[in-house]
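This report refers to the structure that appears directly beneath it.
The values are calculated or read from the model by the stated rules, or taken from the named source; none is laboratory data. The model shown is predicted, which means the values in this text are computed figures rather than measured ones. All Cβ positions, glycine included, derive from the backbone under ideal geometry; neighbour counts span all protein chains shown. Keep in mind that these areas ignore ligands, DNA and RNA; they rest on the heavy atoms of the full protein, side chains included. Shrake-Rupley method; radii C 1.70, N 1.55, O 1.52, S 1.80 Å.
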Amino acid sequence: MHKVKITDHLILLVGALFLILPVVVAFTTSSHTAADIHSNGLSLSWGGNFTETYSNVLTREGGFTGQITGSRMLLNSLILGLGFAIGKIVLSMLAAYAIVYFRFRFATLAFWLIFTTLLLPLEVRIVPSYQVVSSFGMLNSYSGLIVPLLASATGTFYFRQFFKSVPDELLEASRIDGAGPVKFFIDILLPLSRTMIAAMFIIMFVYGWNQYLWPMLVTTDESFFTLMRGIKQILQVWVGAQIPDYNEAFALAVLAMVPPVLVVVVFQRWFIKGLTESDK
């Protein structure tokens, strides 16, 4: 029995090391100069350029306009991730609430029409989505970054299934107490849904944070560039004998991992409960 547990832990440890090793290599490599990385490649040894590299990444103005900083790109990615996650949760909860608790004709048909959007990810509808965003003058704006990503049924599906598992007695009791639809939603469903909200928040935040293709299309103004675009922008610099700032690219990659990791760590317990328990 103990041998089985030891074997299980060894397998988990090897898997964890396998996943962590690229992050460690990126972190240690970022402490070297760009010339060292260009000459010697990736390194597990510690360099002496750590403070200068991360200071330049966060505070030095750069880019084609010479006005964008890593801190600004970090803020843009944070706005995109939070805006997408919060907007997605709000829309999904309202849609699921209407489908489950409002007895209107073709409610099931409406849900399945919403559900079919899972078959049309953003990459499939990216050209018409760009055309619509451009027509509304939403290019180079936070609304243009966030709003088109909200059109998906993922959250609606999960919240619909969760709301259907809520006992009908709660709805009847709230009606007897004189609670209307809004009060029932805020006072009953929202507290019951906190673990599901946490689980969906993690999934949606990470998805929004890691977006690259859509921000690349709708943002030409560097003040709206996200971290993902910033990394690519650094690696595209190759003029004459100048080499890309590999160390800064690795530093941005490491910084790009920090917020999603923090979100997962903070909401980990609620995330597991939201996916495995009803918690009502």
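Some notes on this structure:
- Residue list for the stretch 121-159, given a label point 7 angstrom along the Cα-to-Cβ vector of residue 213 and an amide N cut-off under 18 Å: 121-134, 145-154
- In this simple spin-label approximation, residue 8 and residue 116 carry label points 7 Å from Cα along the Cα→Cβ vector, and these lie 4.6 nm apart.
- Between the listed residues 180, 22, 116, the Cα displaced farthest toward the positive end of the dipole of the chain, a dipole computed from Cβ unit charges relative to the Cα centre, is found at 180.
- DSSP-loop chymotrypsin sites (Phe, Trp or Tyr not before Pro) across the stretch 1-61, with at most 12 other Cβ within 10 angstrom: 46
- Carbon/sulfur fraction of accessible area - the stretch 75-208, other protein chains in place, 1.4 Å, %: 71 percent
- Segment residue 40-residue 108, length gained on full extension (0.36 nm per residue, minus Cα span): 18.4 nm
- The candidate values are [x] 17.6, 56; [y] 23.3, 78; [z] 18.5, 55; the one derived from this structure for Rg and Dmax of the Cα atoms in Å carries the label [y].
- Label positions at residue 175 and residue 142, each projected 7 Å from the Cα along the C-beta direction, are separated by 4.1 nm.
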